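Chemist: Mind looking over this structure? Questions follow.
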Amino acid sequence: QVQLVESGGGLVQAGGSLRLSCAASGIIFKINKMGWYRQAPGKQRELVARITSGGSTNYGDSVKGRFTISRDNAKNTVYLQMNSLKPEDTAVYYCNAGLLPSVATREYTYWGQGTQVTVSS
């Protein structure tokens, strides 16, 4: 019953900005970590950024200094602000969350359906 719904992808010129959002809905007791991964054609899925419930963050090396992850715990939503975009940032971006559906369960990992980000040169 848990769903992650992403929005905000699209086409942008190199040097531009985009903001991705991902909202978790359904029966949720607690969300531990949330994050963004991406997968370009012919490549493995890679970490872009993730954030814990306490606000600690870490980023993939290729996006450090350009992307910023944040979250609104009250809305069960995570954001990814992407600045100074490059053509190599072109990929499908997937939202990811580690959460407990109820107080009596362990943590489960959920994925969104993905949103396309295309950066033209």
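Chemist: Can you tell me which of (1) under 21 Å from residue 16 (Cα atoms); (2) under 15 Å from the mean Cα position of the chain (by Cα); (3) not in a strand (DSSP E or B) is the one residue 53 doesn't meet?
Modeler: Result: residue 53 passes all but (1).
Chemist: Out of region 26-46, which residues are open to solvent by 50 Å² or more (accessible area, probe 1.4 Å) and assigned to a strand (DSSP E or B)?
Modeler: 30, 33, 39, 46
Chemist: For region 83-106, does any single residue satisfy the condition of being open to solvent by 40 Å² or more (accessible area, probe 1.4 Å), without any contact (Cβ under 8 Å) to a residue 24 or more places away in the chain and in contact with a Leu (Cβ under 8 Å, 6 or more places away or on another chain)?
Modeler: Checking region 83-106: at least one residue is open to solvent by 40 Å² or more (accessible area, probe 1.4 Å), without any contact (Cβ under 8 Å) to a residue 24 or more places away in the chain and in contact with a Leu (Cβ under 8 Å, 6 or more places away or on another chain).
Chemist: Let me ask something additional. Quick check on my filter: what residues within region 47-56 are of a type in the set (Ser, Thr, Tyr) and either on the phi > 0 side of the Ramachandran plot or surrounded by fewer than 14 Cβ atoms within 10 Å (Cβ to Cβ) (or both)?
Modeler: Within region 47-56, the subset of a type in the set (Ser, Thr, Tyr) is 52-53, 56.
Result: 56, single match.
Chemist: Considering each residue of region 5-23, count those that are open to solvent by less than 60 Å² (accessible area, probe 1.4 Å), of a type in the set (A, V, I, L, M, F, W, C) and in a strand (DSSP E or B), and give that number.
Modeler: Total meeting the criteria: 5.
Chemist: Just to check your reading of the model, which residue among 16, 55 is touching a residue at least 24 places away in the same chain (Cβ under 8 Å) and not acidic (Asp, Glu)? First the steps, then the outcome.
Modeler: Numbers: 55 fails: touching a residue at least 24 places away in the same chain (Cβ under 8 Å).
So the residue among 16, 55 that is touching a residue at least 24 places away in the same chain (Cβ under 8 Å) and not acidic (Asp, Glu) is 16.
Chemist: Please go through region 94-121 and give me each residue that is within 10 Å of residue 22 (Cβ to Cβ), in contact with an Asp or Glu (Cβ under 6 Å, 6 or more places away or on another chain) and in a strand (DSSP E or B), ordered by number.
Modeler: 95, 115
Chemist: If I ask for residues that are over 21 Å from residue 117 (Cα atoms) and small (Gly, Ala, Ser), which ones from region 26-51 would you list? Even if it seems obvious, please write down each step before you answer.
Modeler: Residues of region 26-51 over 21 Å from residue 117 (Cα atoms): 26-33.
Correct list: 26 only.
Chemist: Separate question: Out of all the residues in region 57-76, which are hydrophobic (A, V, I, L, M, F, W, C), within 18 Å of residue 89 (Cβ to Cβ) and open to solvent by 20 Å² or more (accessible area, probe 1.4 Å)? Break it down stepwise before answering.
Modeler: If we filter region 57-76 for residues that are hydrophobic (A, V, I, L, M, F, W, C), which is where we start, we get 63, 67, 69, 74.
With the extra rule that they be within 18 Å of residue 89 (Cβ to Cβ), the set shrinks to 63, 67, 69.
If the condition is that a residue be hydrophobic (A, V, I, L, M, F, W, C), within 18 Å of residue 89 (Cβ to Cβ) and open to solvent by 20 Å² or more (accessible area, probe 1.4 Å), then no residue fits.
The values are calculated or read from the model by the stated rules, or taken from the named source; none is laboratory data. Just so it is clear, the structure is predicted and the values come from calculations on it, not from any experiment. Ideal geometry is used to build each Cβ from the backbone, glycine not excepted, and the neighbour counts take in all protein chains shown. SASA here: full protein model, heavy atoms, side chains in, ligands and nucleic acids out. Shrake-Rupley method; radii C 1.70, N 1.55, O 1.52, S 1.80 Å.
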